[in-house]
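The values are calculated or read from the model by the stated rules, or taken from the named source; none is laboratory data. Here the structure is a predicted model, which is why all the values come from computation and not from measurement. All Cβ positions, glycine included, derive from the backbone under ideal geometry; neighbour counts span all protein chains shown.
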Amino acid sequence: MSVDVRPVRDDELPAVAELVARAYVVDGLITPDHEYVEELRAAADRAARATVLVAVEPDGTVAGTVTLAVPPSSYAEIAAEGEAEIRMLAVDPAARGRGLGEVLMRAATDRARDAGARTLVLTTIDTMRSAHRLYERLGLVRAPERDWGDDPDYQLWVYVAPLRPAAEVR
């Protein structure tokens, strides 16, 4: 796979904003008029308050993205001290089936570890079965005691994984 995974550049933020919103809508996770679409499109705000990584094709096309947030970032909704939180993992529907979600998750995990996080956390919707399989394959486990939210349309599940220190991994 010949994609470059790196922090987003300012000129890529509009593409990231549209990619994330489009992926969530295409997957039927939200409707185009759902209030969360605005947050998904807030790529510039995310990049200012968290780490936004992109998977970029050789032709410069942004094919996927993920956000990594650590407290006190406002994007760290569930992360406690010593934890790093994965947010808004999305792969362009046209680029799926090539393992980009896994590549982005691994890159975000490495960044979290390098930043000194001891635990990786994320929230997912109960219906995101393919995402759950990816998370479990990468060593994350359900933490139902941390599930949250009060929206009757969505059950928000939490997954966690302990992170070994960077020195032990390399």
Exercise for the section: Please verify whether segment 33-44 includes one or more residues that are within 30 Å of Arg164 (Cα to Cα), out of contact with any Cys (no Cβ under 7 Å at 6 or more places or on another chain), free of Cβ contacts under 8 Å to residues at least 40 places away in the same chain and surrounded by 15 or more Cβ atoms within 10 Å (Cβ to Cβ). Expected result: yes
Practice task
Quick one: Ala95 ticks every box in (1) in contact with a strand residue (DSSP E or B) (Cβ under 6 Å, 6 or more places away or on another chain); (2) modelled with pLDDT of 95 or more except a single one, so which number is it?
Solution key: (2)
Handout entry: Breaking point among (1) on the phi > 0 side of the Ramachandran plot; (2) in contact with a strand residue (DSSP E or B) (Cβ under 7 Å, 6 or more places away or on another chain); (3) not polar (S, T, N, Q), for Gly60
Key = (2)
Completion exercise
Ala50 meets each of (1) in contact with a helix residue (DSSP H, G or I) (Cβ under 9 Å, 6 or more places away or on another chain); (2) modelled with pLDDT of 95 or more; (3) closer than 27 Å to Arg98 by Cβ with one exception, condition (1)
Practice task
Hey, could you check segment 144-170 for residues that are modelled with pLDDT of 80 or more and of a type in the set (Lys, Arg) and say which is farthest from Leu122 (Cα to Cα)?
Solution key: Arg164
Problem - Total residues in segment 67-97, condition under 16 Å from Tyr135 (Cα atoms), more than 12 Å from the chain's Cα centre (by Cα) and in contact (Cβ under 8 Å) with a residue 24 or more places away in the chain - result: 0
